Amino acid sequence: MENTDSPLKKRICYNYFHVPGDDEKSLFRRGVVDAVSGELTSIGEPLNSPTVYWSKKSEALDFLSTNPALNILKPEMRRGFFIGEIALFAGWFLALNAFLLTDYTYLLIFEDDLWFNCEENAALNHLKKVTIDIPENTDIVFLFSPEENFEKYTPELDVSQFFCTTYSNWSTAFTLVTKEGASKILTLFERGIDRPLDALLLGDTGIVKYALKPEEQYRYFSLYDRTWIGSHIDPSFGLVPKLIITEEDIINL
């Protein structure tokens, strides 16, 4: 029998972001990564771009100093950037550059708090179907939108059988990026970053972005509750140090 997945494997690569640790929450997240990767390996190849994480402010500033194309500006927020927010930008920066050097058409990026319905390969089989329906002009697809944003969706946003114009206002937990999209996002990074990654990508930046319709998502992709799994970005959840990259830090780069 012909392997129907083989054409996809030539077109898709995937990458995850996971900060290792030996505590219960980190080990659970490691299990999430292994489970999702085990599913995706049948339709794509790992990109193997690294997760960036720092325990010292100096490490973040050294990275920014040696990678000026990741241009952090004074944030539009009242606070400075969490060090985890900068680390996520750095991870995307490395992954997108690596992706552009490959022959793959699509890059799937997922974070280690993604719930992926592995029962009878439900999420995987759905992903195979929706990948065929991606609009031709796509730069980025948000395969997960937070359920509390579902009320923002209306049928008028529909663009195809599975996809609609984006309607949510946060989360990059599970995304698909095209080559054109990767180039555009890297241009945004170089032009200057003044807000968190999800706010930047979901904002009015000229990037062509779509999302799965709610009815095409909720049975397949979601997130685990951060109140018990923690967060690698927001220090209030306890997994990352409370380190802030201030305007003064940025000016002194």
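Figures for the structure shown
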{"read-out": "Local electrostatic count, GLU180, Cβ distance below 11 Å [Lys/Arg +1, Asp/Glu -1]", "value": "0"}
{"read-out": "Rel. contact order, % - alpha carbon contacts under 8 angstrom, at least six apart, the range 6-118", "value": "46 percent"}
{"read-out": "Shape call, the range 96-231: gyration tensor on alpha carbons, a/c limit 1.5", "value": "rounded"}
{"read-out": "Cross-link pairs beyond the 21 Å C-alpha cut-off, checked among LYS56/LYS179; LYS152/LYS213; LYS184/LYS209", "value": "LYS56/LYS179"}
{"read-out": "Neighbour-count ranking [beta-carbon atoms within 10 angstrom, fewest first] of CYS118, CYS13", "value": "CYS118, CYS13"}
{"read-out": "Anchor LYS57: aspartates and glutamates whose Cα lies under 16 Å away (excluding residues fewer than 8 positions away in-chain)", "value": "GLU85, ASP234, GLU247, GLU248, ASP249"}
{"read-out": "Formal net charge of residues neighbouring GLU120 (Cβ-Cβ distance under 13 Å; K, R +1; D, E -1)", "value": "-1"}
{"read-out": "Principal axis box of the range 4-122, alpha-carbon based, largest edge first, Å", "value": "48, 37, 24"}
{"read-out": "Residue (of THR51, PHE150, ILE12) at the positive-pole extreme of the chain, dipole from beta-carbon charges", "value": "THR51"}
{"read-out": "Relative contact order (percent, whole number), the range 6-251, Cα cutoff 8 Å, 6+ residue spacing", "value": "28 percent"}
{"read-out": "Per-residue [θ]222 nm for the chain (sum of -39500 (n - 2.57) over DSSP H runs n ≥ 4, rounded to 500)", "value": "-10000 deg cm²/dmol"}
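All of the numbers you see were taken from the coordinates with simple rules; none came from a lab. Everything numeric here is computed off the predicted structure, so don't read it as measured data. Counting neighbours? That spans all protein chains shown, and the Cβs are built from the backbone with ideal geometry, glycine included.
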